[in-house]
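Just so you know, all these numbers are worked out from the coordinates, no wet-lab data involved. Note that the structure is predicted; figures quoted are calculated from it, not measured. Cβ placement follows ideal geometry from the backbone for every residue including glycine, while neighbour counts extend to all protein chains displayed.
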Amino acid sequence: MGASFVPIRKKSKLPSKTISTSYDLEYGSETMEMHNDAIVSGQKVAIIDDLLATGGTAKAAVELVEKINGKVADIEFIVELTPLNGRKKLEGYNIFSMLSYDEA
């Protein structure tokens, strides 16, 4: 496939130099980090996450990829909780969910 794996983690979980972005949660805020040399400028990236709820974590991942000039090709989830409207934060991106739950 020629694909690479790039972890995006909570603050202080990754070794080496990182870039970061913060986002708001219902109960506070969180910071996500990615290695600053993980993506080459112009590289296409598929973001894969387990859950789409409010969209905050996925939007933070998008911001990190775009901060170092990566191009988000797709955002993919295993489960989507549709009543929480997470897709709204991700408008303009290709989104795929394997399972959708319509009731919260």
Output for region 10-53, where each listed residue is more than 23 Å from GLU91 (Cα to Cα) and basic (Lys, Arg): LYS10, LYS11, LYS13, LYS17
Kindly indicate the residue of region 42-72 that is over 10 Å from the mean Cα position of the chain (by Cα) and in contact (Cβ under 8 Å) with a residue 40 or more places away in the chain and also surrounded by the fewest Cβ atoms within 10 Å (Cβ to Cβ) among those meeting that condition. LYS67
Those residues that are of a type in the set (D, E, K, R) and closer than 21 Å to SER20 by Cβ, I need them from region 51-104; list them, please. LYS59, GLU63, GLU66, LYS67, LYS71, LYS89
Kindly indicate which of GLU80, GLU91 is among the charged types (D, E, K, R) and surrounded by fewer than 17 Cβ atoms within 10 Å (Cβ to Cβ). GLU91
